[in-house]
Amino acid sequence: MFPTTSAGLLRWRIVSEGWRSYRMMGLTLLLVFPLAVETAEAQEQRTVPAGSSVLLNVLPTGTPPVIDHLQWEYIANSNPENVVDYYKTEKALVIYAPFQDRVIFNESTGSLLLKNVQETDSGIYRATVNLNKVDAREVRLQVLEPVPEPQLQINSTAVGSSVELSCKVPAGHVQAIDWKKDGKPLPSNKCYQLSKDFTVLYIPEAQKSDCGSFSCNVSNDISWQETYVHLTLDGIMPPLSHALKISTVVLALTITLAAGSGFGLIILCCQTESKEIKGELWRWLVVVIQGLVCISSILMLIAAVFWMWEEGLSTALTLCMILLMWVIIVTLLIFVVLAFCPQNLKKFKGKTVHRVLLDAAAPGGLIFVVLFALYLTQNIHHLQRKGCSPHFDYTAVILIAAAVSLIILLALFVW
């Protein structure tokens, strides 16, 4: 029964249109969904290393289709290029020039073997059976070079500086870069930052806790490589390291000089009047002592300059440098006069101030040099402990310097 009223006709039209739309939607789903499945089955993604051989099949599974005509094409940048044309009835096989001696075609299965593939062989390989474009088989081939071993470089190793660890790969297609510290993922409680391409690891303000082994792992779909570097932070920079070595040498020299002088004084007190050291022997003994004090003061002045270079100038350091220059001038003057013009010393015999100045120059300078060397070494060691680099072992330096100065003093005393 069909409705006769206008309202009934309207309702009937709406129902009919709805049912028609529903049927069309069902037919569309039935058509589209199998097509999507077939399209998915007709696609394949292959990733292989460069230099290998790749077998491309007409179908991934099941028995091969009945082949009367088969065409393999290579598509790169949307430009199809013929690879193989096979006509079963005529038993004709054509392998096109760019691929001759590089492919092996299997007539029974239709498979294609690519030999010694390179990165330029990446692209889409399409197999069309019996001119059926709808069921054409496509293989997306990606050829990758194995990633080479990366190189890790560090821009700075100073405590408190901004440290950058650069992971550089000479060549190759890298898909992922992963950083680790001491074999574990980067700790989340540290302010480590990575560049957009993950090739640079930033440590904004490096501290002693950042010391350790860092690794950079680069990889792609076919290979991976990992490189390690040990981050060792220096608490002191090279200028302070030089100042520490100089101060250590001066300490060894001055302490040995002080000990030798005390030993010599004891010997002098125990000698009889006939065996007292006097005359030329006494003059040359004073020359050596004044020369050693002068050399020690010069070395400490150089160490002070290194300290000032790195830590800046202060009032205390300025005063110490002035006193060192005074000791250098006085001891050098006495050394030159005693060594080359000893007769000029008669001018100072009647002047008490001059005699006190000359007599106090060597012992006073020696005491000041020792105190200043101790001050520098203690401060530099304190800074050095902020880093994780091996501390300077000054034992050998002290022993060598002490042995040399002691041999000189003993030779003079024995003489």
Next on the checklist: Please return the ranges of helices (runs of 4 or more DSSP H) entirely within the stretch 315-415 where 2 or more residues are modelled with pLDDT of 75 or more, outside the structural domain of Gln207 (by TED's automatic domain parsing) and on the phi < 0 side of the Ramachandran plot.
Outcome noted: 315-340, 352-384
Item to check | Every residue from the stretch 87-114 that is of a type outside the set (D, E, K, R) and not in a strand (DSSP E or B) | outcome: Thr89, Tyr96, Ala97, Pro98, Phe99, Gln100, Asn106, Ser108, Thr109, Gly110, Ser111
Checklist entry - For residues in the stretch 203-216 being in contact with a strand residue (DSSP E or B) (Cβ under 8 Å, 6 or more places away or on another chain) and either over 16 Å from Gln151 (Cα atoms) or among the hydrophobic types (A, V, I, L, M, F, W, C) (or both), which is surrounded by the fewest Cβ atoms within 10 Å (Cβ to Cβ)? => result Pro204
Next on the checklist: Just checking, does the stretch 115-135 include any residue being part of a loop (DSSP other than H, G, I, E, B), within 47 Å of the chain's Cα centre (by Cα) and of a type in the set (A, V, I, L, M, F, W, C)?
Outcome noted: yes
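The values are calculated or read from the model by the stated rules, or taken from the named source; none is laboratory data. All figures in this text were calculated on a predicted structure; none of them were measured in a lab. Every residue, glycine among them, receives a Cβ derived from its backbone with ideal geometry; neighbour counts consider all protein chains shown.
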